[in-house]
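The values are calculated or read from the model by the stated rules, or taken from the named source; none is laboratory data. Owing to the predicted nature of the structure, the values given are computational and were not obtained by experimental measurement. Cβ coordinates were reconstructed from backbone atoms using ideal geometry, including for glycine residues, and neighbour counts include every protein chain displayed.
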Amino acid sequence: MSETIHVVGAGLAGLACALRLADAGRRVALYEAARMAGGRCRSYFDSSLGLTIDNGNHLLLSGNAAARDYAKRVGASDALVSPNECAFDFLDARTGERWTLRPNASRIPWWIFVADRRVPGTGPLDYLDAAKLLFAKDGATIGETMRCNGVLWEKLWRPVLLSALNTEPEEASAKLAGAVLRESLAAGGDACRPMVAKGGLGDAFIEPALRTLRAKGVEPRFGARLREIAFDDSRVAALRFGDSEETLQEGDAVILATPPWIAQELLPGLVAPDDFRAIVNAHFKIAPPPGQPLLLGMIGTLTEWLFAFDDRLSVTISGADRLIDDAREELAVKLWAEVSAATGLPLEPLPPWQIVKEKRATFAATPAQEKRRPGAKTSWDNLWLAGDWTNTGLPATIEGSIRSGYKAAKLAGA
Ligand SMILES: Cc1cc2nc3c(=O)[nH]c(=O)nc-3n(C[C@H](O)[C@H](O)[C@H](O)COP(=O)(O)OP(=O)(O)OC[C@H]3O[C@@H](n4cnc5c(N)ncnc54)[C@H](O)[C@@H]3O)c2cc1C
């Protein structure tokens, strides 16, 4: 077919969409405002560290089917590292207690009956309460749906839900939490093995996608910021970039895969999420000690998750709006003290560090914001939306953004 599908935004949603369209033999034009692809999921060379780092540590789960399909499509399945068994290491920094959560592989959750597979100080019946999330009503918060106190809450549900939703769990949407649970723990340990792009997000998701697209004749245009969309009755007629204009021909279509605040500027009247939550990451240039797990959940500290890469230890803090104005050096010192205590690495000297604050990391996964998520279809015949903020049924995640890109591609005729 000779019609062109114009994909605007080369984050994961736009890349996924362009890949699906190109695979289906469609002609694709891909535009990206920045000088590089990846959006909120990117790697870059940090000159102060002398290392390539990610804007934020990203955790996927083995049950993320769209993300795995995407990695396979671009030949990067090997770039996602995952243990053979589902196991999550935790440390309660207040008591020094360590444990490993080890859900069994199948859907029948017999692991909750085995003391050394579950959270210490909990019993099998404690786990049943979270099943209420699977049947949550529209508009209900987690706080209204399940018990938000006690050992299991503090040592499992709160940290897991906070990182999955990037929103204080009590105020977050129970339905979104239910969707996460349904596709992870409730689907069995085989669906919730942690998966990490150990060589960086760029190597796993971005560079291979760009190579694959180029091999299919799609050359992304970087530095191409869409400034205006011109409409003609029920169709998009033209796309206006800073220095050029693309006139759409009969049969041409547009996928808008920008963040929601940009989509709202370009499409007046669009209702979209408008409340966001921050994520803060701290990267320390130091080799992890032998035996350090790839991922460590930390309780009772500012640090929530500690990722061990070959050349650095990286801390993730979700729902981190309270830290956005904190002095970076103070944060680095505080977080390193926690990491040093958890790993046994010396407190001094402070290793070379970098703090990355992503203020609008994801939309707030509250019921009110969930209601503002639009579907992929718009009121224009040749315009569809993609992005983690569209109505994917999932919180803002890699899995959600890739699914949204696939869906828009399908609607546009892939
Ligand atoms: C610090 C951090 C940690 C995270 N951790 C996880 C995690 O552990 N697990 C997980 O699954 N998810 C995680 N996420 C979420 C995940 O990164 C996002 O859901 C996903 O990257 C969103 O992709 P997207 O394509 O929908 O949007 P974006 O990545 O925002 O892509 C939009 C693209 O559009 C471009 N653009 C904007 N305006 C224009 C314009 N006018 N014209 C052309 N292009 C434009 C942007 O430059 C950008 O490249 C995290 C996010 C952050 C920030």
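Computed quantities for the displayed model
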| quantity | calculated |
| --- | --- |
| Filter pass, LEU91 being within 19 Å of THR316 (Cα to Cα) and touching a strand residue (DSSP E or B) at 6+ places or on another chain (Cβ under 6 Å) | yes |
| Set LEU80, LEU101: member being touching a helix residue (DSSP H, G or I) at 6+ places or on another chain (Cβ under 9 Å), outside the structural domain of LYS371 (by TED's automatic domain parsing) and closer than 21 Å to LEU162 by Cα | LEU101 |
| Scan of region 161-184 for residues that are surrounded by 22 or more Cβ atoms within 10 Å (Cβ to Cβ) and either touching a strand residue (DSSP E or B) at 6+ places or on another chain (Cβ under 8 Å) or modelled with pLDDT under 95 (or both), ordered by number | LEU165, ASN166, THR167, ALA172, SER173, ALA174 |
| Filter result for SER82 (of a type in the set (Gly, Ala, Ser) and more than 16 Å from the ligand (Cβ to nearest atom)) | no |
| Among the residues listed as LEU133, LEU101, the single one being under 27 Å from PHE307 (Cα atoms) and buried (at least 16 other Cβ atoms within 10 Å of the Cβ) | LEU101 |
| Unique residue being surrounded by fewer than 16 Cβ atoms within 10 Å (Cβ to Cβ) and not assigned by TED's automatic domain parsing to the domain that holds GLY400 when the list is LYS371, LYS359 | LYS359 |
| Evaluation of ASP203 against (1) surrounded by fewer than 22 Cβ atoms within 10 Å (Cβ to Cβ); (2) more than 10 Å from the ligand (Cβ to nearest atom); (3) over 22 Å from the mean Cα position of the chain (by Cα) (one fails), failing number | (3) |
| Candidates GLU32, GLU3, filtered to the one that is within 16 Å of the ligand (Cβ to nearest atom) and closer than 23 Å to THR247 by Cα | GLU32 |
| Of all residues making up region 213-239, the number that are surrounded by fewer than 19 Cβ atoms within 10 Å (Cβ to Cβ) and in a loop (DSSP other than H, G, I, E, B) | 7 |
| Of the criteria (1) over 24 Å from VAL356 (Cβ atoms); (2) within 18 Å of the chain's Cα centre (by Cα), which one ARG102 fails | (2) |
| Cβ pairs under 6 Å, 6+ apart, first in region 1-18 and assigned to a strand (DSSP E or B), second among the acidic types (Asp, Glu) | THR4/ASP252 |
| Test for GLY75: is it part of a loop (DSSP other than H, G, I, E, B), crowded, with 20+ Cβ neighbours inside 10 Å and out of contact with any strand residue (DSSP E or B) (no Cβ under 8 Å at 6 or more places or on another chain) | no |
| Count - residues of region 6-29 that are small (Gly, Ala, Ser) and near the ligand (Cβ under 6 Å from one of its atoms) | 5 |
| Wholly within region 310-411, helices (runs of 4 or more DSSP H) carrying at least 2 residues that are within 12 Å of the ligand (Cβ to nearest atom) | 398-411 |
| Residues satisfying the stated conditions in region 36-59, i.e. more than 8 Å from the ligand (Cβ to nearest atom) and either over 26 Å from PHE284 (Cα atoms) or in contact with a His (Cβ under 7 Å, 6 or more places away or on another chain) (or both) | LEU49, ILE53 |
| Pair list, Cβ < 6 Å and 6+ apart or interchain, from region 291-306 residues that are over 16 Å from ASN281 (Cα atoms) to residues that are part of a loop (DSSP other than H, G, I, E, B) | GLY300/ALA93; GLY300/ARG94 |
| Top-ranked residue of region 240-283 - restricted to ones that are within 11 Å of the ligand (Cβ to nearest atom), assigned to a loop (DSSP other than H, G, I, E, B) and modelled with pLDDT of 95 or more, ranked as surrounded by the most Cβ atoms within 10 Å (Cβ to Cβ) | ALA257 |
| Breaking point among (1) within 16 Å of the ligand (Cβ to nearest atom); (2) within 30 Å of GLY25 (Cβ to Cβ); (3) not hydroxyl-bearing (Ser, Thr, Tyr), for ALA414 | (1) |
| In region 188-200, residue surrounded by the most Cβ atoms within 10 Å (Cβ to Cβ) [restricted to those that are not β-branched (Val, Ile, Thr) and not in a loop (DSSP other than H, G, I, E, B)] | ALA197 |
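Here's the yes/no breakdown for (1) without any contact (Cβ under 8 Å) to a residue 40 or more places away in the chain; (2) touching a Leu at 6+ places or on another chain (Cβ under 7 Å); (3) in a helix (DSSP H, G or I):
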| residue | (1), (2), (3) |
| --- | --- |
| LEU128 | yes, no, yes |
| GLU144 | yes, no, yes |
| ARG147 | yes, no, no |
| TRP153 | yes, no, yes |
| PRO159 | no, no, yes |
| ALA164 | no, no, yes |
| THR167 | no, no, no |
| GLU170 | yes, no, yes |
| LYS175 | no, no, yes |
